[in-house]
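Following: one structure in structure tokens, then a few remarks.
A short reminder: the numbers here are calculations on the coordinates, not readings from a lab. Computed from a prediction, not measured in an experiment: that's the story for all the values here. Glycine also receives a Cβ, built like all others from the backbone with ideal geometry; neighbour counts cover every protein chain displayed.
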Amino acid sequence: MTETMDRAGSAQVVDALLQADKVTMKFGGLVANRDVDFVIPRGSIVSLIGPNGAGKTTFFNQLTGMLEPTSGEITFNGKSIIGRTPYEIVEMGIGRTFQNIRLFGAMTVLANVMVGRHVRMHSSWWGSLLRLPAVRAEEEDTKRRAQELLERVGLPRRYEEDWAKNLPYGDQRRLELARALASEPKLLLLDEPTAGMNPGETAQMTDLIKQLRDELDLTVLLIEHDMKVVMGISERITVLDHGELLAEGKPEEIRANPAVIEAYLGKQATE
Amino acid sequence: MSTLLRRALMMGLFGGIAGVHVSLVGIVNTFQTRDLIADIVTIGSVLPMLIAIMVGWLAGSTPKHIPRPSGSTTLVHGAMAGGVVGVVLAALALLVDSVSLTWILVNARPQLANILYFEQGPGLGSVILIAGGVLLGVAGAGLHLLPRTIARALAISGVVTIIAALMEPFVGAVLRNVELRAIEGFLYQSGGLTVQGFILVFVLIAAGIYGWAKRGDRAKARVAAMPPDRRRAGKLIAYGVLFAILLILPQIVGQRLSEVVGTVGIYILLGLGLNIVVGFAGLLDLGYVAFFAVGAYTTALLTSPASPVLNPELPFWGALPFVIMAAALVGLAVGAPVLRLRGDYLAIVTLGFGEIAREIFKSAWAQPVTGGAQGILSVPEPLPFTRDPQSIYYPILFFCIIAAIAATRLAASRVGRAWNAMREDESVAEATGINTVKYKLLAFSLGAAFGCLSGAFFGTKIGVVFPDSFNILVSINALALIVLGGMGNIAGVMVGALVLVGLPELLREFAEYRLLIYGVVLVVMMILRPEGLLPSRSRRVELHDVSDEDDDDMYTDEAGIDTGRPVVST
Ligand SMILES: Nc1ncnc2c1ncn2[C@@H]1O[C@H](COP(=O)(O)OP(=O)(O)OP(=O)(O)O)[C@@H](O)[C@H]1O
Ligand SMILES: [Mg+2]
């Protein structure tokens, strides 16, 4: 249990799955994140918003070990993740998707998801060499689970053996989601999951995220620009601006926050 | 002048220069000794013709951003380009014929002119040369007007027929060996194909390729539709037959060819190992020869009575486990420092490693152990097998089969998927849960094990180990054979070794031009088929936009097994 103070100053007790303290990321002279404090309550859907270049993706990269914070502390499930490699963090239970889809294009759809399950598999290279019964069983099991996941995210069976790069755009996003889910994450990080989608697809994706959270016992953190999605899906919202925490709170609080309107919504409203 | 016409003339000029080059370095003269069709056409005179066809084909192609001109324009461009080749070569012939240049260029003698003139004298000869150039240029450009499958069948069949003619001494010997003199007499005559042999080979191959392109998919679909147990039975029978042939191969092909097959086998082992590192894991290792050398030296040190230190004089098979252990260690030693390097940097550093390895083995400092430049003599035979090509073939075959099975299984496993992902995008692979450090080291170690095994057989096969056997050409050869064969594919490695190691060994008489031909073959391949002869399916997807390709025959899946699934999707 961790105590945090929100902007209004009222103490809250939450069961934090992830907690970031004073996380700072500098690229040379550029400060992409400055002293960001952040808590994700277990089981919630939290959105991270902010104008372009606010440092949202950079923050994700630190949560997944792809970048190491210049200073600050990040704990996941009570353990620090600073200094750990990305694959160790996947093993601890954080899965992610990318803003600009990054699939293994020349692998099949099914193989992409099976790669995602890599950390939950145990076969050794010599086991694979000898084709031990246990290895074959695990391979079959992985394949079955991957097929289930594809079904869960709504990718038709007939796509299984297609090359990932040949999938339509929206389906590529679904595939990335399936790949991330294959590692059985506790925390799922989605970087603009509805970017480039039409309103129909966006609504489907939103429903899918909620459904996955409920069915798979997930905690979700998503970066999103579409305010309708953000307001409709989030239990809490964090706003970053120029790398700094601007506001944190429930959707209705954020909607009413003058600083946010000024920095973010206001700018959009005048467009 | 239109862009395309200017392009065609340039192509012609380049072709002409290439023709002058091959003439003056002596290739034309050398190949003059061999007939394509006995007593009618020599291979030497075919070379300029091939250039004209190729140039015509290039002149007839259109770059992506330019709309395709009409058929007749294409042919005219081909004719122009081919004609330019003819004119340039006629000029060369005239020059060589009239002025003696032999004091600068040994090959610039009248005999060359005579070949270029088709032995018809300058007047008629140059007319034939230029008219021939035009016609062949038209033929080359005309390939674009034919349906793609037909054009391809014709082109491949042409190349195969020329190789068939060159192979006369060996194929002839094999046919005599198995008492098929009648066939030999029908196909071959005095160092070349007979007329009927030429037609038969050309037509059969062309028809075979065309038929496969047209019907192959249906055949594959039929196989795929068979019940699994029948399919497995069919596969077993096919492998069984292949295995039986491989078992009696040395007896069929005789002593001389067995020698070549053994060398090819050693390179297949080497290629399978390098394929794990480069083809599967995507780590461009240009110093692979280091592993080959470590294998050969470890074997020599542990087995040879002439070994300067230690000499435990183990039998070959007793030394082998230590060789593999040494390999794994060296794999780790090479892998660990380069873990953080990517792409080009990795290539350059490993290139350095390869050269360092050779220099160390050669150095005076290491002489007490490695024998320095003298190397280590009297490496024993792998008893009960002997050094005889028909005997050592069997252990090499055995290990090639083991290596192929191992590579196939790894490729189809969790490990193969991890390598695949790492090759495509290292940082995403890591963010998806793959320990890239571990998988890089694993690739280096396994690759090293295969390379060392190959080196061990190299050492025992020739019985001596010299540092200079382990030069950079071995690395280049190994890399070139997997690139040509089809990176990431096991069957491709075998085809690559046959073509790049087997053919040159057979054509020793042309050894002088080996690297030149080698280079040309690689350049042509990279233009026409960058993914290699038998690429893995995923490699092909990486290099091509699959959806607008129509030639999806000949492709096999990662492990080299025909799956019969259509490649084109959505
Ligand atoms: N690896 C890096 N090296 C240097 N600068 C970087 C790096 N990654 C991000 N930046 C910079 O950090 C700032 C924040 O970028 P980031 O991608 O985190 O923004 P974002 O909030 O995700 O924006 P968007 O909404 O456009 O995706 C930008 O100015 C970017 O150029
Ligand atoms: Mg971003």
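Observations
- Label-to-label distance for A:GLU88 and A:GLU235 is 2.9 nm, based on points extended 7 Å past Cα in the beta-carbon direction.
- Rel. contact order, % - alpha carbon contacts under 8 angstrom, at least six apart, chain B: 15
- Of B:LEU24, B:LEU136, B:SER61, farthest towards positive along the dipole that unit charges on Lys, Arg, Asp, Glu beta carbons give the stretch B:1-145: B:SER61
- Local charge for B:VAL277 was computed over the other residues whose Cβ lies under 13 Å away, with Lys and Arg +1 and Asp and Glu -1, and equals +1.
- Note on B:ILE348 and B:VAL178: with the Förster distance fixed at 45 Å, the Cβ-Cβ geometry gives a FRET efficiency of about 0.35.
- Helix B:3-24 and the longest principal axis of the Cα set of chain B meet at an angle near 70°.
- Amide H contacts under 5 Å for A:LEU222: A:VAL46, A:SER47, A:LEU48, A:LEU190, restricted to partners 5 or more places along the chain or on a different chain, H placed in the peptide plane at 1.01 Å from N.
- Between helix B:316-335 and chain B: long-axis angle, C-alpha atoms, 0 to 90°, nearest 10: 80
- R0 of 35 Å, Cβ-Cβ distance B:GLN255-B:ALA333: FRET efficiency to nearest 0.05: 0.30
- Cross-link check: pairs A:LYS186/A:LYS250; A:LYS79/A:LYS186; A:LYS186/B:LYS440 evaluated at a Cα-Cα cut-off of 18 Å; pairs beyond the cut-off: A:LYS186/A:LYS250; A:LYS186/B:LYS440.
- Stretchable slack from B:VAL437 to B:ARG232, in nm (0.36 nm times residue separation minus alpha-carbon distance): 70.1 nm
- Normalised by the number of residues in the stretch B:148-216, the average gap of Cα pairs under 8 Å and 6 or more apart makes the relative contact order 45 percent.
- Contact order relative to length of chain A, as percent, for alpha carbon pairs under 8 angstrom and 6 or more apart: 25
- Cα long-axis angle, helix B:71-98 against chain B (0 to 90 degrees, to the nearest 10): 90
- Residue order, fewest to most beta carbons within 10 Å, for B:TYR210, B:TYR345, B:TYR117: B:TYR345, B:TYR210, B:TYR117
- Reachable aspartates and glutamates from A:LYS22, criterion Cα separation under 20 angstrom, eight or more residues apart if same chain: A:GLU3, A:ASP6, A:ASP35, A:ASP37, A:GLU68, A:GLU73, A:ASP241, A:GLU244, A:GLU248
- Local electrostatic count at A:PRO251 - Lys and Arg +1, Asp and Glu -1, tallied over other residues with Cβ under 10 Å: 0
- The rule of thumb for compact globular proteins, 2.2 N^0.38 Å, goes into the C-alpha radius of gyration of chain A 1.04 times.
- Between the listed residues A:LEU67, A:GLY78, A:ILE49, the Cα displaced farthest toward the positive end of the dipole of the stretch A:26-109, a dipole computed from Cβ unit charges relative to the Cα centre, is found at A:ILE49.
- Placing a pseudo-label 7 Å from each Cα along the Cα-to-Cβ vector at B:LEU5 and B:LYS214 gives an inter-label distance of 3.9 nm.
- Legend: Rg and Dmax of chain B, from Cα coordinates, 25.7, 77 Å.
- Rounded if a/c under 1.5, otherwise prolate or oblate - the stretch A:49-136, Cα gyration tensor axes: oblate
- Using 0.36 nm per residue and subtracting the Cα-Cα separation, the extra length available between B:SER391 and B:GLN196 on full extension is 66.5 nm.
- For the protein assembly as shown, Kirkwood radius (reciprocal of mean inverse C-alpha pair distance, Å): 30.9
- Phi to ³J(HN,Hα) by Karplus 6.51 cos²θ - 1.76 cosθ + 1.60 over the stretch B:192-208, Hz, x for Gly, Pro: x, 7, 7, 4, 5, x, 4, 4, 4, 4, 4, 5, 4, 5, 4, 5, x
- In this rough spin-label picture, where each label sits 7 Å from Cα along the Cβ direction, the B:LEU247-B:MET325 distance is 3.5 nm.
- Full extension of the segment from B:TYR239 to B:GLU359, taken as 0.36 nm per residue of separation minus the current Cα-Cα distance, would add 38.9 nm.
- Under 12 Å, Cβ to Cβ, from A:THR206 - net charge with Lys/Arg +1 and Asp/Glu -1: -1
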